[in-house]
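Just so you know, all these numbers are worked out from the coordinates, no wet-lab data involved. Note that the coordinates shown come from a computational prediction; the quantities given were computed from them, not determined experimentally. Here Cβ is always computed from backbone atoms with ideal geometry, including for glycine, and neighbour counts include all displayed protein chains.
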Amino acid sequence: MALRASITAYRMRFRASPSKLLLFRQCPRRYRFEHVDRLAPLYRRPRAPLVMGAHVHEALRRLYAEIPPDERSPAIAERLLRNVWRRQRVGFSSVEEEREYGRRALAMMRRFCALSDLRARPLAIERTEQLAIDPGIVLVGRIDRVDGCGDGSLHVIDYKAGRRPAGDESRRDRAFQVGIYACLAEAGLRHAVTRGRILYLADGLREDFDFDRKAHEATLDEIRPRVAEILGERAFAPRPGPFCRHCDYLALCAEGRGYLDARSGCGEAAPRGF
Ligand code: SF4
């Protein structure tokens, strides 16, 4: 009964974000715990990699939003990161672990400064946009940064606090995610967005995507069946994988625990992460 009531509530106005759509693809059971049962307040806890990623994002936001272009430098970026870090020090199991993540975050900032134009003048930073694409579907997303391109069009940039995935296996999902940001930026800023870039802060690699009107329409066309699939879902079956290790709902999921137990039994290495 409780599940039926919560499903009815979440169907009334579907807010489709890239993370929500990708989460359903990754594991419908986890999607249900998160977005149908809304268990996050009870089960979500700060995790060191996510806290580090959030701190790096916030320091980069401040670097571009608060520091004039000709005053930005690696030293300022590092100072901003240290300031952000001091205010939020949860999620670490020990002082040693916090130091280790702190070192990684500083390395990310240095790498970012070495590879990026610190004098850029972004048109938008950490901007949340919404776009109603159908009467019952609102597309929502938070865009890390939007820059102007030399040709007068716009360029969305997404920061990831991890490494660029090996191979092109999930490139389509990443193109879809950045494509959504491009659609949202174009609608919000009323200007053509022709490029998207993911910056992988852990290894300094980039991944670029080109967009045109046809690509934007294809992105929006892909959202509708994905939302229909989610709204029509009943079973929300678990889909265990290496990411179960970082799932907030592992305690509720026998399949995820079974998957991890079986992997630890055969000595599988921890997944490549931050
Ligand atoms: S533990 Fe794994 S299978 Fe279970 S809900 Fe989480 S991600 Fe899905």
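General remarks:
- Set against the 2.2 N^0.38 Å expectation for a compact globular protein, the chain has a Cα radius of gyration ratio of 1.06.
- Sum of -39500 (n - 2.57) over DSSP H runs of 4+, divided by residues of the chain (222 nm, nearest 500): -15000 deg cm²/dmol
- Protection proxy ranking of 112-123, 54-65, by the mean of other Cβ atoms within 10 Å over each peptide's residues and highest first, is 54-65, 112-123.
- Across the stretch 1-151, Cα pairs under 8 Å and at least six residues apart give a relative contact order of 28 percent.
- Within the stretch 49-67: backbone nitrogen closer than 12 Å to the residue 100 label point (7 Å, Cα to C-beta): 49
- Charged neighbours of residue 41, selected by a Cβ distance under 12 Å, balance to 0 (K, R count +1; D, E count -1).
- Expressed to the nearest 5 percent, the antiparallel share of DSSP beta bridges inside the chain is 65 percent.
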